[in-house]
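Encoded as structure tokens, the structure appears first; notes follow it.
The values are calculated or read from the model by the stated rules, or taken from the named source; none is laboratory data. All values reported here derive from a predicted model rather than from experimental measurement. Glycine also receives a Cβ, built like all others from the backbone with ideal geometry; neighbour counts cover every protein chain displayed.
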Amino acid sequence: MRPVQKRIASLLVICIILTACQKNTESNPKEVAFTVNGEEIGLREWNFYIRMNQMQWEKGYLETYGDKMWSEELDEEGTTLADRLKEEVFDTILQIHLTNQHAEEYQIALDEEDREELHTRAADFMKGYHQALLDYAQADEAFVYEKLCERELSRLTAEAAVQDFVPEISEEEVHREGICYVLISTTGLRDSEGNLTPFSEEEVEARTLLAQEVCEEAKAKGDLETVAEEKELTPILSSMGEAEDGQEPLMLEAAKALAVGEVSEPIWTEEGWFIVQHTSDYDEEGTSYFREYLSDIAREEEYTRIYETWKTKAKIVENTEIMEKVEVEIVLKELL
């Protein structure tokens, strides 16, 4: 098929899709999807967030689930992927508006600089999506600007709600020790586009010998970083603590077994050979970073606690008949 014919065919598919869904996208300004403490959330906003998130989900899941992805059942109760999308969108919109209802309490408001930046982001948003999708989502620049303002106000209010919160974090929790490691890959080389050219068997053998050389020289000098640089490898300076999130990789497990200054034997992984050195019993930069990392988590948890309190007290009324006008059935892959 010629390029012009392909474009015409694609446009026809888009037109068919949008015509089939047109009844779901044209909403009366007076139609209210749900209310939060009396604040009305219109059908247009509900449709907008559904459609924009629908596109993102399709980009992530279409290859896995196929064209019937939205009817895919996720649990024994028969919850479909479309149901789950709507649940998450509802929670997102609810959190934005419920948080903003407390903005004045924390003396939060958007200033002129904020609004200028959001005008720019709204214009960029309109340029970043297919016009057919924007029409389907009922998104014009003024409406997108309004939604961006609401999201930014919500973000600033959430930050203000925990600004004075001081989490209790012990020194033992944040204490980090210094490590240096290097990877000698045996998988291959990637070009600028990420395409992998695998190493030959001879190259893998050579790199295995290189790993042993680096190990022996680093042990002799007591300095893995310098030896790695001399071999034109890239040493990574990092840190480790007593507790790590998730399962510890073999490299980190080996590092914890080393005394300060010791260098490990080459450690085999699917990526290649790792060599690690335990460089210090206290890493100031790593400790400071980890303290802030744990503090951020604690502040997020505190905000969640505050928000759940607001939510528990809130009066939320869903207009199910109106909300169901926005159907998620047809995959919009022609707009991806």
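Quick notes on this structure:
- The lone criterion from (1) within 27 Å of G286 (Cβ to Cβ); (2) surrounded by 14 or more Cβ atoms within 10 Å (Cβ to Cβ) left unmet by E230 is number (2).
- Residue match in the stretch 90-105 (condition: surrounded by fewer than 17 Cβ atoms within 10 Å (Cβ to Cβ), without any contact (Cβ under 8 Å) to a residue 40 or more places away in the chain, in the same structural domain as M52 (by TED's automatic domain parsing) and in a loop (DSSP other than H, G, I, E, B)): no
- The number of residues in the stretch 170-202 being of a type in the set (A, V, I, L, M, F, W, C), assigned to a loop (DSSP other than H, G, I, E, B) and buried (at least 18 other Cβ atoms within 10 Å of the Cβ) comes to 0.
- Every test in (1) buried (at least 18 other Cβ atoms within 10 Å of the Cβ); (2) in a helix (DSSP H, G or I) is passed by A142 save one, and that test is (1).
- If the condition is being outside any loop (DSSP other than H, G, I, E, B), acidic (D, E) and within 28 Å of the chain's Cα centre (by Cα), then the stretch 266-295 contributes E285, E292.
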